[in-house]
1. Would it be correct to say that residue 129 is more than 19 Å from residue 37 (Cα to Cα), modelled with pLDDT of 85 or more, touching a strand residue (DSSP E or B) at 6+ places or on another chain (Cβ under 9 Å) and open to solvent by 50 Å² or more (accessible area, probe 1.4 Å)?
2. Of a type in the set (Ser, Thr, Tyr), in contact (Cβ under 8 Å) with a residue 24 or more places away in the chain and farther than 22 Å from residue 134 by Cα - does that describe any residue in the range 52-75?
3. On the given criteria, is residue 46 modelled with pLDDT of 95 or more, surrounded by 22 or more Cβ atoms within 10 Å (Cβ to Cβ), touching a helix residue (DSSP H, G or I) at 6+ places or on another chain (Cβ under 8 Å) and farther than 30 Å from residue 153 by Cα?
4. For the range 103-123, indicate whether the set of residues that are among the β-branched types (Val, Ile, Thr) and open to solvent by less than 50 Å² (accessible area, probe 1.4 Å) is non-empty.
5. Among all residue pairs at least 6 apart or on different chains, which show Cβ distances below 8 Å where the first residue, located in the range 152-169, is open to solvent by 80 Å² or more (accessible area, probe 1.4 Å) and the second is among the hydrophobic types (A, V, I, L, M, F, W, C)?
6. What number of residues within the range 120-138 are acidic (Asp, Glu) and closer than 15 Å to residue 66 by Cβ?
7. Residue 92: crowded, with 16+ Cβ neighbours inside 10 Å and within 14 Å of the chain's Cα centre (by Cα), yes or no?
8. Of all residues in the range 121-169, count the ones that are of a type in the set (Val, Ile, Thr) and over 28 Å from residue 80 (Cα atoms).
Amino acid sequence: MQQLRDTTPAGHEVILFDCFGGGAYRSVWDERHKLNRGLLHIVNQLAFKGLCDPLLPGQMDDGMTLRAAARRLKDAATTLQDVSPGALLVLLLDGADNAAQQALDRNEEAFPTALLDLAERGELPPQMRLVLTCRTERRRLFGKPLHVEQVALQPFTREETTQYLQNTL
């Protein structure tokens, strides 16, 4: 996902959110799967870049949080168009199945699932793209059929593996 972020054309605004969090997604203190954590983080990254107003944690329930975040995403996409016509707002959610699993285990809603619902209902801005990674066998965790374009990730070749290890060790 970092490579996808780093190769996005100039002008587009990309926000990468790691739903795995180095395994912290299972921690009772992390709660990165929740709407009031994940969506606040994403919206506030956009606000920091001057694309929308921030969202402050507080007394909002999940419905209020989702509605406020959807408004901010639309504002961010509109502002981005003003600054860079034709640019896309891209949300990259890595390991969305981890958020879905944690939410299922806690009988809660995962914010990636809520964003998918908004996308299916056409409530995300047309200048926005939502990209999620999920292990194929865990798509069922989202609780419904996903009407999404699927892209299979191929394993690294031996040469790619060697190059990666040389660059990171």
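The values are calculated or read from the model by the stated rules, or taken from the named source; none is laboratory data. Everything numeric in this text was worked out from a predicted model, so none of it was measured. Glycine gets a Cβ as well: all are built from the backbone with ideal geometry, and neighbour counts include every protein chain shown. With ligands, DNA and RNA removed, areas are computed over all heavy atoms of the protein, side chains included. Shrake-Rupley method; radii C 1.70, N 1.55, O 1.52, S 1.80 Å.
1. In short, yes.
2. Among the residues of the range 52-75, at least one is of a type in the set (Ser, Thr, Tyr), in contact (Cβ under 8 Å) with a residue 24 or more places away in the chain and farther than 22 Å from residue 134 by Cα, which makes the answer yes.
3. So residue 46 fails the test.
4. For the range 103-123, residues among the β-branched types (Val, Ile, Thr) and open to solvent by less than 50 Å² (accessible area, probe 1.4 Å): present.
5. 164/156
6. 2
7. Judged against the criteria, residue 92 is a match.
8. Residues in the range 121-169 being of a type in the set (Val, Ile, Thr) and over 28 Å from residue 80 (Cα atoms): 5 in total.
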